[in-house]
Amino acid sequence: MAEKVLEIRDLHVTFDTPSGPLEAVRGVDLDVSSGELLGVVGESGSGKSVTFLATMGLLPARARVTGSVILAGEQLIGASPKQLRSVRGRLLSMIFQDPLSALNPVHRIGDQISEMLRSHQNLSASDAEKRAIELLDIVGIPQPSDRARQYPHEFSGGMRQRVVIAIAIANNPKVLIADEPTTALDVTVQAQILEVIERVQERFGTAVVLITHDLGVIARVADRVNVMYAGRNVEQGTIDSLFDHPSHPYTRGLLASLPRPGKQRLKPITGFPPNMLNPPTGCAFHTRCEFAADICQGELPSLVSFGDLETACVRARDLPKSESFA
Amino acid sequence: MSEELLKVTNLVKNFELRVNNGARRKKRIVQAVTNVSFSVGKGQTLGLVGESGSGKTTVGRCILRLIEPTSGSVEFDGQDLGSLKFEELRALRRKMQIVFQDPFASLDPKMTIGSSISEPLIVQNVPGDHSDKVIELLELVGLSADHAQRFPHEFSGGQRQRIGVARALALNPALIVLDEPVSALDVSIQAGVINLFEDLQSRLGMSYIFIAHDLSVVRHIADRVAVMYLGKIVEIGEQQAVYEHPTHPYTKALLSAVPLPDPKTERSRHRIMLEGDVPSPVNPPSGCRFRTRCWKAQDVCAQEEPMLTIRPSGQMSACHFPES
């Protein structure tokens, strides 16, 4: 078993809103091992982004974060800003959906990469510049030495995302968190960016956390997957097990709702995602679940081993076997 | 194919772009749509797919004359829309409706759902009290009568999209342009809205132009599919022919780039990686516009523009070296 690099335990994130406290993350446990690509999937409002913003220490001060996040032996919850600054970009990096807003429009690309290098490593300006050009080459930017002297507006969307990846991996972090990195891109460009992420993962052994709503992207690149619903982790396992015999009713519903070749009628999940200001008691999915029983409104279910998956459903054992989506 | 409802011939839309380059002012032309022709049968769904900048939305808007086309003709039920006077066009518009992508921006936040839905009836001077019609429409799209008094902010994205559909249905249109109607919705909600489109079509028999970048959704809903690249149709035909036997290299690459929700298939698939990005429509490549990213491109592709030609599986594609 590969070494655990990131360990999240009982993470809770609460925001104070004018309408009262909103608990966006409600007790997430999650492990990332070195060199693996973990997919995190969930719909809007499921808490998938907030979980990792909390991990990075990037949430606004009004967010109350409790629990434990251990990265390579260091506790990040409650860490000082100075400690976090030293971790971010060195051990832990994050890329986002919109690469343009992640880049500074008035600085050259090469300088932005060098800045990242020099803030964590003792490098001369010229060594940093050389390394920056190497990094541009690694992420597949042609003519890297010329491109390093250009500004963000001279790059296309796909090329900008490559630059952002180059910055994120500059110091060879242990974990790269990619939050919907291809959602703003066209599908042919998405394919290129996913390839770059896989290449980085293989070449440097970086653990990658890929947050997405697209189960196709998960099926293409992930080793393991984590399904989130209403601020909780409801199911996790290897992609093969999860697509072959999902056991949580939400995972089943999600997989069954996707259009597939052939003209069979789609099966939507009834109802809509819960209002997190006032989530349902017990299992938050019980209001939409076709298998719900009275017991589901009782206790908040935790992840329990179920075959080769871990599932947070008290009725998992009693449910009929799911169809296979693999 | 069933009887023709809409016929688009050689549709062109150029946008003028004023570039203010310091002291010099330059005028540039964006060729958003170039010589696009297709037809849609009664009760049929045409899927219009392509990446951003391919012109699919512009085509949709030109059909309704929400944007004036630069040239070309759009015939609706035998009438040439371009020749109509404003009042005539307005009367005909009741037969053609549109549903937009963003269910948050397409409803007036200060209007109740009921008045949003009945507005088209008022605009078109349909006599009488519309409250029964509003209730009928709300129920048709899976909402309930008491929703009519509420405001948009009280609804979720999926519900708002249903309201947009109810409004589009108010005048019993023969054609609805659906412009990315499910892209803003969560996956679990998408399926319900797609089912709604299918149910409405089988009950009411209208035609759809379904514009989307999500190829799996289009495969599910469309009878025929047109693939656009940089303002032109590169391949068009029956859904099955285009998806199962793509003949244009771009169609093939596009289909292979779509990740499928099935890890086993994903691992065994042969993937075509396209180099680079879509070129600018301000200065599109000569000849075949796809040639700069095409692995099959030869000299002839730069010199001669390929014409849409019928292929063995029945669809048409514009390529000098079609896949077989």
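The values are calculated or read from the model by the stated rules, or taken from the named source; none is laboratory data. Since this is a predicted model, take the numbers as computed values, not measurements. Note: ideal-geometry Cβ built from the backbone for every residue, glycine included; neighbour counts use all protein chains shown.
So for the stretch A:170-177 (the condition being assigned by TED's automatic domain parsing to the domain that holds A:A54, part of a loop (DSSP other than H, G, I, E, B) and out of contact with any helix residue (DSSP H, G or I) (no Cβ under 8 Å at 6 or more places or on another chain)), does at least one residue qualify?
Yes - at least one qualifying residue is present in the stretch A:170-177.
Take A:L135 and tell me if it is touching a Gly at 6+ places or on another chain (Cβ under 8 Å) and part of a helix (DSSP H, G or I).
So A:L135 does not fit the description; no.
Looking at (1) over 29 Å from A:A2 (Cβ atoms); (2) crowded, with 17+ Cβ neighbours inside 10 Å, which one does A:S124 not meet, given that it meets all the others?
The one condition A:S124 does not meet is (2).
Can you tell me how many residues within the stretch B:175-228 are of a type in the set (G, A, S), in a loop (DSSP other than H, G, I, E, B) and either more than 11 Å from every other protein chain (Cβ to nearest Cβ) or surrounded by 19 or more Cβ atoms within 10 Å (Cβ to Cβ) (or both)?
Count: 3.
Just for the stretch A:40-72: of the residues that are small (G, A, S) and assigned to a helix (DSSP H, G or I), which one is nearest to the other protein chains (Cβ to nearest Cβ)?
Of everything passing the filter in the stretch A:40-72, A:S49 is nearest to the other protein chains (Cβ to nearest Cβ).
Among the residues of the stretch A:178-196, are any more than 14 Å from chain B (Cβ to nearest Cβ), in contact with a Leu (Cβ under 6 Å, 6 or more places away or on another chain) and surrounded by fewer than 22 Cβ atoms within 10 Å (Cβ to Cβ)?
No, because not a single residue in the stretch A:178-196 is more than 14 Å from chain B (Cβ to nearest Cβ), in contact with a Leu (Cβ under 6 Å, 6 or more places away or on another chain) and surrounded by fewer than 22 Cβ atoms within 10 Å (Cβ to Cβ).
Kindly provide the set of residues from the stretch A:56-76 that are in contact (Cβ under 8 Å) with a residue 24 or more places away in the chain and farther than 14 Å from A:R26 by Cα, ordered by number.
Residues satisfying the conditions are A:M56, A:G57, A:L58, A:L59, A:R62, A:V69, A:I70, A:L71, A:A72.
Would you be able to say whether some residue in the stretch A:95-115 is in a helix (DSSP H, G or I), modelled with pLDDT of 95 or more and of a type in the set (A, V, I, L, M)?
Yes, the stretch A:95-115 contains a residue that is in a helix (DSSP H, G or I), modelled with pLDDT of 95 or more and of a type in the set (A, V, I, L, M).
Quick grid of which residues meet (1) over 23 Å from A:G271 (Cα atoms); (2) buried (at least 17 other Cβ atoms within 10 Å of the Cβ):
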{"site": "A:A2", "(1), (2)": "yes, no"}
{"site": "A:L6", "(1), (2)": "yes, yes"}
{"site": "A:P21", "(1), (2)": "yes, no"}
{"site": "A:D29", "(1), (2)": "yes, yes"}
{"site": "A:S34", "(1), (2)": "yes, no"}
{"site": "A:L38", "(1), (2)": "yes, yes"}
{"site": "A:G47", "(1), (2)": "no, yes"}
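Residue under question is A:E154, and the condition is that it be under 20 Å from the mean Cα position of the chain (by Cα) and closer than 30 Å to B:M273 by Cα; does it hold?
In short, no.
Output yes when any residue across the stretch A:250-264 is more than 12 Å from chain B (Cβ to nearest Cβ) and buried (at least 19 other Cβ atoms within 10 Å of the Cβ), and no when none is.
no
Sort out which residues of the stretch B:93-111 are without any contact (Cβ under 8 Å) to a residue 40 or more places away in the chain and crowded, with 17+ Cβ neighbours inside 10 Å, and write them in order of number.
B:R93
Quick check on my filter: what residues within the stretch A:135-155 are exposed (fewer than 13 other Cβ atoms within 10 Å of the Cβ) and farther than 20 Å from A:N104 by Cα?
Selection gives A:P142, A:Q143.
Condition check ((1) charged (D, E, K, R); (2) in contact with a helix residue (DSSP H, G or I) (Cβ under 7 Å, 6 or more places away or on another chain); (3) within 27 Å of B:E3 (Cα to Cα)) across all residues:
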| site | (1), (2), (3) |
| --- | --- |
| B:A145 | no, yes, no |
| B:E154 | yes, no, no |
| B:R160 | yes, yes, no |
| B:I163 | no, yes, no |
| B:A166 | no, yes, yes |
| B:V177 | no, yes, yes |
| B:M228 | no, yes, yes |
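Please work out which one of (1) within 14 Å of chain A (Cβ to nearest Cβ); (2) not in a strand (DSSP E or B) is the condition B:G47 fails and give its number.
(2)
I need the full set of residues from the stretch A:197-240 which are in contact (Cβ under 8 Å) with a residue 60 or more places away in the chain, within 10 Å of another protein chain (Cβ to nearest Cβ), assigned to a helix (DSSP H, G or I) and not charged (D, E, K, R), in order please.
If the condition is that a residue be in contact (Cβ under 8 Å) with a residue 60 or more places away in the chain, within 10 Å of another protein chain (Cβ to nearest Cβ), assigned to a helix (DSSP H, G or I) and not charged (D, E, K, R), then A:L215, A:V217, A:I218, A:V221, A:I239 are the ones that fit.
Report, by residue number, each residue of the stretch B:75-92 that is surrounded by fewer than 20 Cβ atoms within 10 Å (Cβ to Cβ) and among the aliphatic types (A, V, I, L, M).
B:L84, B:L89, B:A91, B:L92
Quick check, is B:E75 under 30 Å from B:L274 (Cα atoms) and touching a residue at least 24 places away in the same chain (Cβ under 8 Å)?
no
Among (1) assigned to a loop (DSSP other than H, G, I, E, B); (2) surrounded by fewer than 18 Cβ atoms within 10 Å (Cβ to Cβ), which single condition is A:I295 missing?
Only one criterion is unmet by A:I295, namely (1).
Could you say whether any residue in the stretch A:161-174 is crowded, with 22+ Cβ neighbours inside 10 Å, within 10 Å of chain B (Cβ to nearest Cβ) and either among the small types (G, A, S) or free of Cβ contacts under 8 Å to residues at least 12 places away in the same chain (or both)?
no
Across the stretch B:99-130, what is the number of residues that are more than 16 Å from B:F151 (Cα to Cα) and out of contact with any Ser or Thr (no Cβ under 7 Å at 6 or more places or on another chain)?
12
Hey, does the stretch A:267-279 have a residue that's at pLDDT below 95, surrounded by fewer than 16 Cβ atoms within 10 Å (Cβ to Cβ), outside any helix (DSSP H, G or I) and in contact with a Leu (Cβ under 7 Å, 6 or more places away or on another chain)?
yes
How do the pairs read when you match residues in the stretch A:81-95 that are more than 20 Å from A:A166 (Cβ to Cβ) with residues anywhere that are part of a strand (DSSP E or B) and not polar (S, T, N, Q), using Cβ under 9 Å and keeping only pairs 6 or more apart or on different chains?
What qualifies is A:Q83/A:E74.
Look through A:A207, A:A191, A:A219, A:A184 and report the one residue that is within 27 Å of A:P301 (Cβ to Cβ), of a type in the set (A, V, I, L, M) and out of contact with any His (no Cβ under 6 Å at 6 or more places or on another chain).
After ruling out the rest, the residue left standing is A:A219.
Whether any residue in the stretch B:58-68 is over 15 Å from the mean Cα position of the chain (by Cα) and more than 23 Å from B:L89 (Cβ to Cβ) is what I want to check.
The answer is no, given that none of the residues of the stretch B:58-68 is over 15 Å from the mean Cα position of the chain (by Cα) and more than 23 Å from B:L89 (Cβ to Cβ).
Condition first: modelled with pLDDT of 90 or more, under 26 Å from the mean Cα position of the chain (by Cα) and more than 14 Å from chain B (Cβ to nearest Cβ). Can you find one or more residues in the stretch A:290-299 that meet it?
No, there is no match, as no residue in the stretch A:290-299 is modelled with pLDDT of 90 or more, under 26 Å from the mean Cα position of the chain (by Cα) and more than 14 Å from chain B (Cβ to nearest Cβ).
Select, from B:T265, B:T251, the only residue that is among the polar types (S, T, N, Q) and modelled with pLDDT of 95 or more.
Result: B:T251 is the single residue among B:T265, B:T251 that is among the polar types (S, T, N, Q) and modelled with pLDDT of 95 or more.
Output yes when any residue across the stretch B:255-277 is surrounded by fewer than 21 Cβ atoms within 10 Å (Cβ to Cβ), more than 13 Å from chain A (Cβ to nearest Cβ) and not hydrophobic (A, V, I, L, M, F, W, C), and no when none is.
Checking the stretch B:255-277: not a single residue is surrounded by fewer than 21 Cβ atoms within 10 Å (Cβ to Cβ), more than 13 Å from chain A (Cβ to nearest Cβ) and not hydrophobic (A, V, I, L, M, F, W, C).
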